[in-house]
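Right, one structure below, let's go through it.
The values are calculated or read from the model by the stated rules, or taken from the named source; none is laboratory data. Only a predicted model underlies this, so the values are computations on that prediction, with no experimental measurement involved. Glycine gets a Cβ as well: all are built from the backbone with ideal geometry, and neighbour counts include every protein chain shown.
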Amino acid sequence: MRTYYTITESLEEEERDEQVKRGRKKIDWAASRMPILSVMREEFIREKPFDGEIIGVALHVEAKTAVLVELLVDGGAEVAITGCNPLSTHDDVSVALDSNAHISSYAVKGVTDEEYYRGLEAVISHKPTLILDDGGDLIFELHDKHRQKLKNIIGGCEETTTGVHRLKAMETRGEILYPIFAVNDTPMKRLFDNIHGTGESSLISIAMTTNLSWAGKTIVVAGYGYCGRGVAKKVSGQNARVIITEINPTRALEAYMEGYEVMPMHKAAEKGDVFITTTGNRDIIVEKHYEVMKDGAILANAGHFDVEIDIEGLSKIAKQHTEVRDGITEYELENGNKICVLSEGRLVNLSTPLSLGHPIEIMDQSFGMQAVCMRELVDNRTYAPGIHSVPPMLDDKIAKIKLYAEGVEIDYLSDLQKKYIDGWEIGT
């Protein structure tokens, strides 16, 4: 008796064909704007670096992700994929992927917690040899419940801030049993995906969901890491006033020197019109903050998990709550004030009804990094179990491909300059 079923197996043929058609259009459009993956596709088709490998994937299943998955298949892999967020899957894209004989997709939008973990188990049932994860759930599930299958795994990648934080905590206990690249920590990820990708996609999703303007509003950004500074940078360019909340003194000072107001959340709560959390931690906005917020305050989470905004605490003090617009739940407090939460407090740039995630060009860079890291694990099997930094040469490879695609030229060191920079004697 089979235990797991892919997304297409519950669909009638006509519906499946229609979903494939719609999903294929989205994937083809994304692929046409992803020059890095296009260059890599030629290389992978020619060299088949993943021939014989089974790649287990837990990512946001939408068009850009699909281009990456099909690239891995072009490189010789069999792929089993599920979602890394209950609300971020595009079902038509998932069905289109599952129509490929070399891909099994278990991703479905709007799953329960039980169904979410069943998707992870389905991927693990394929006995993957490589792992691509976003948030760490697939990695944790493997280590927690399937240790006997870890011996098959060559290595993997984790692409998010939250996931890397969780894995580093796991590593301190000596519990990571295969090599994992911290793709999130590489410059090509942080400087583009986290800053420009999170900044642009979060603001676009909030604006499309609410149909409100940023101009003149006070925006509270919780956290001034790479994602937080991206949100702050982009929204300040929309003529909003920006307040930063932080626990790290260096980052707080950096935000202050960049011209933003910096204060604790209990003070910012009284001032904000829109609140955007980007910390990767829990209980950033809680009951004491709701009680002093303005009537009509809007709350959105741009961190990976739905724990930054305490929805349970808000429900407890609210007289009632109502879905007032697709993706917006309005909570009415005892004092009559109303607080609006977007996408149930889940990742706003991927979970609202109109969300499309990061821009295509940004994910071309991030997924290019994922692809070269996966190849590095296959080609160089000397990495020990644990978290590893991405080799700088891989960053440089993706950056060079992107510059070439954009028609941008740069300088190079002469032999004399190389000798000088590598020397230590004065005047050499």
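Observations on the structure shown:
- Among the residues making up segment 290-307, those that are among the aliphatic types (A, V, I, L, M) and not in a loop (DSSP other than H, G, I, E, B) are 297, 298, 299, 300.
- When residues of segment 144-191 are limited to those that are farther than 20 Å from residue 369 by Cβ and either of a type in the set (S, T, N, Q) or within 14 Å of the chain's Cα centre (by Cα) (or both), the one surrounded by the most Cβ atoms within 10 Å (Cβ to Cβ): 152
- Residue check, residue 116 surrounded by fewer than 21 Cβ atoms within 10 Å (Cβ to Cβ), aromatic (Phe, Trp, Tyr), within 19 Å of the chain's Cα centre (by Cα) and modelled with pLDDT of 95 or more: yes
- Taken over segment 158-190, the criterion of being without any contact (Cβ under 8 Å) to a residue 12 or more places away in the chain and hydroxyl-bearing (Ser, Thr, Tyr) is satisfied by 172 alone.
- Pick from segment 270-288, criterion under 23 Å from the mean Cα position of the chain (by Cα) and assigned to a loop (DSSP other than H, G, I, E, B), ranking: surrounded by the most Cβ atoms within 10 Å (Cβ to Cβ): 278
- Entirely in segment 1-96, the helices (runs of 4 or more DSSP H) that have 3 or more residues that are touching a strand residue (DSSP E or B) at 6+ places or on another chain (Cβ under 8 Å) and modelled with pLDDT of 95 or more: 63-74
- Residue ID - farthest from the chain's Cα centre (by Cα), chosen from residues in segment 332-380 that are of a type in the set (Lys, Arg) and closer than 26 Å to residue 67 by Cα: 375
- Filter result for residue 267 (over 27 Å from residue 192 (Cα atoms) and either assigned by TED's automatic domain parsing to the domain that holds residue 60 or outside any helix (DSSP H, G or I) (or both)): no
- The single condition among (1) more than 30 Å from residue 400 (Cβ to Cβ); (2) of a type in the set (Asp, Glu); (3) not assigned by TED's automatic domain parsing to the domain that holds residue 299 that residue 246 does not meet is (3).
- Flag if residue 101 is buried (at least 22 other Cβ atoms within 10 Å of the Cβ) and not polar (S, T, N, Q): no
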